[in-house]
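Computed from the coordinates by the stated procedures, all read-outs in this text should not be read as laboratory data. No experiment lies behind these values; they were computed from the predicted model shown. Positions of Cβ are generated from backbone atoms using ideal geometry, with glycine treated the same way; all protein chains shown enter the neighbour counts.
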Amino acid sequence: MTEYKLGIGDVVTSSHPALYTCYGLGSCIGLFVQDRVTGLAGAAHIFLPDQENAPHERNKFYDVKTALDEILAQFKDKGSTLNTLRAKIAGGANVIGTGKGVGAENASSVIRRLTENKIFIAAIDIGGSESRTTRFESTTGQLNVSKPGAVHYKI
């Protein structure tokens, strides 16, 4: 099994068994998408809710729209009809404890865009005030979440 460690702005997809890891998701969102028919899977480590504040770098997808658009384009290029996708999301915490925060905006934007694209949301682990590390296994569709203090769970 190939392991992909996603940094901020990374998008990766694969048709082979893979483990996708996002370390230290604070306000960022880890988005994990799987095509139940083709076996394709992918992930994104999303930094911002919208494009206007996103840095522009080649092969980096910092905001929700460009990250989701890139995953869907890669899935389509690899043979997906995009009709049998399911997503799991984690992150969106308010780690600095001020107001609504960018984490909540990130989470809201991801949920809205997945819904607009008719992608089934199979699991959500967002909000709170602690960062998370996530590991998504493409073969099982299981998302393992770890929080500080040795708290581990599966969604």
Distance in nm between pseudo-label sites at Met1 and Ser129 (7 Å out along the Cβ direction from Cα): 3.4 nm
Among Val11, Val37, Val64, residue whose mean-square fluctuation peaks in a GNM of the chain (springs only between Cα atoms under 10 Å): Val37
Under 24 Å from the Cα of Lys5 - lysines, other chains or at least 8 residues apart: Lys60, Lys65, Lys76, Lys78, Lys88, Lys147, Lys154
Translational diffusion coefficient (Stokes-Einstein; Kirkwood radius from C-alpha pairs) of the chain at 25 °C, 0.890 mPa s, in µm²/s: 162 µm²/s
Crossing angle, helix 101-116 versus the chain [Cα axis fit, 0-90 degrees, rounded to tens]: 30 degrees
Reachable aspartates and glutamates, given that their alpha-carbon falls under 15 Å from the alpha-carbon of Lys118 and they are not under 8 places away in the same chain: Asp35, Asp69
Contact order normalised by residue count of the range 41-155, Cα under 8 Å, 6+ apart, percent: 22 percent
Antiparallel content of DSSP bridges confined to the range 14-155, in %, to 5: 80 percent
Nearest-ten-degree value, helix 64-77 long axis tilted from longest Cα axis of the chain: 10 degrees
